[in-house]
1. With respect to residue 100, determine if the residue is in contact with a helix residue (DSSP H, G or I) (Cβ under 9 Å, 6 or more places away or on another chain), assigned to a strand (DSSP E or B) and in the same structural domain as residue 42 (by TED's automatic domain parsing).
2. What are the residues in the range 126-137 that are surrounded by 16 or more Cβ atoms within 10 Å (Cβ to Cβ) and either at pLDDT below 95 or farther than 30 Å from residue 57 by Cα (or both), if any?
3. Go over the candidates 238, 222, 232 one by one and state the one that is surrounded by fewer than 18 Cβ atoms within 10 Å (Cβ to Cβ), in contact (Cβ under 8 Å) with a residue 24 or more places away in the chain, more than 30 Å from residue 41 (Cα to Cα) and not assigned by TED's automatic domain parsing to the domain that holds residue 351.
4. Is it true that some residue in the range 140-156 is surrounded by fewer than 16 Cβ atoms within 10 Å (Cβ to Cβ) and either in the same structural domain as residue 253 (by TED's automatic domain parsing) or at pLDDT 95 or above (or both)?
5. Looking at the range 76-125, which of its residues are without any contact (Cβ under 8 Å) to a residue 40 or more places away in the chain, surrounded by 13 or more Cβ atoms within 10 Å (Cβ to Cβ), under 27 Å from residue 138 (Cα atoms) and out of contact with any strand residue (DSSP E or B) (no Cβ under 6 Å at 6 or more places or on another chain)?
6. So, in the range 53-75, how many residues would count as being outside any loop (DSSP other than H, G, I, E, B), loosely packed, with under 15 Cβ neighbours inside 10 Å and modelled with pLDDT under 95?
7. Within the range 230-267, which residues are in contact with a strand residue (DSSP E or B) (Cβ under 8 Å, 6 or more places away or on another chain) and not in a strand (DSSP E or B)?
8. Any chance you could count how many residues in the range 268-284 are farther than 17 Å from residue 215 by Cβ and either without any contact (Cβ under 8 Å) to a residue 60 or more places away in the chain or assigned to a strand (DSSP E or B) (or both)?
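The values are calculated or read from the model by the stated rules, or taken from the named source; none is laboratory data. As the structure is a prediction and not an experimental result, all values here were calculated from the model. With ideal geometry, Cβ positions are generated from the backbone for all residues, glycine too; neighbour counts draw on all protein chains shown.
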């Protein structure tokens, strides 16, 4: 009895499904309908966009669909979405199959739009506001268009095929000749957002004139890297067909560089065999900046402003810590940074050091007090720091200091 009930239920279910299939309306529609944005690079080739029209429903009839330009849909779309798309003239594209036939036993047919990308770029420029608005119309009275899926707005975002350096325009390599490995390797990378069908040849050059242009901006001062301190793997690079990135490398010997000098390797794109290279970033700078100020020093008390104060047992050992590209801090007298390379002491127990990137002049400030004047001096060759306390408006007393005998340890 139970088997009979299950069989009867399944039979009813099958009948219901069949009835539902018969009720599926006969429709034609575009799957990728409404606004479709296509990014296309002008590489001298035509671009083909397939317009796929589908047929649904339980029918053995042939679907016949007409495809035509729909200016009214373009106007409606611009009004609704506040866009400013323009109609692409038919001189720039072709669509040979304007009437599609979908056989009774099939569900899809395709009409290709062929677009002359080079002609658009030459005549109208590189832009993304020209569109091809289309609509479909069923020519079979038994098959209707699907509401909301009978229009297509093909937006062509046409781009100039342009290569560029993947590196930052300026790369700073800060290092200490006492702490760091002195053998540096820097990868120079050229990339693109598109794939070429042919090999692309690039020619690089080291451009000393770019150093002068950089210095004129006045942000800091750099000098050309000595020729015997670096080498480049190759200045002739080939991007292979089908690839999107290629690189060469620069090797630098940091031991031969002078402390507190900024040495630049300016790399310029001299030529590219095809397409374009980004004009605004044809030169990149790799700047090596040896900075040996951080370390442990012997601190001597020099002449006094008026009388002795808290430090009664010079010499002492004290640490200078690098806190940023041009900033450092150390202790005030013997209050901190004498026992460790870090401190939790209050602000007024510390001295904050700021280096001017153009002339290397130091400004030193104790805690929240005013900056001390330009008498502070660091000798990058001797690695000695002279701190001149000249507070104006603070009645305390202090001792000028000489920090020398730098090392990596507190002893």
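1. Working: in contact with a helix residue (DSSP H, G or I) (Cβ under 9 Å, 6 or more places away or on another chain): no; assigned to a strand (DSSP E or B): yes; in the same structural domain as residue 42 (by TED's automatic domain parsing): yes.
Here the answer is no, as residue 100 does not meet what is asked.
2. Step one: filter the range 126-137 for residues surrounded by 16 or more Cβ atoms within 10 Å (Cβ to Cβ), giving 130-136.
Correct list: 130, 131.
3. 232
4. Looking for residues that are surrounded by fewer than 16 Cβ atoms within 10 Å (Cβ to Cβ) and either in the same structural domain as residue 253 (by TED's automatic domain parsing) or at pLDDT 95 or above (or both), one finds none in the range 140-156, hence no.
5. 76, 78, 92
6. Going residue by residue through the range 53-75, those that are outside any loop (DSSP other than H, G, I, E, B) are 53-56, 63-69, 71-75.
If we keep only those that are loosely packed, with under 15 Cβ neighbours inside 10 Å as well, we get 66, 68, 71-72, 75.
Among the residues that remain, those that are also modelled with pLDDT under 95 are: none.
Number satisfying all stated conditions: 0.
7. Pass one, the range 230-267, residues in contact with a strand residue (DSSP E or B) (Cβ under 8 Å, 6 or more places away or on another chain): 230-240, 244-254, 257-267.
Correct list: 233, 234, 235, 240, 244, 254, 257, 258, 259, 260, 261, 262.
8. Just the residues of the range 268-284 that are farther than 17 Å from residue 215 by Cβ, to begin with: 269-282.
Still in the list and also either without any contact (Cβ under 8 Å) to a residue 60 or more places away in the chain or assigned to a strand (DSSP E or B) (or both): 269-272, 276-277, 279-280, 282.
Selection size over the range 268-284: 9.
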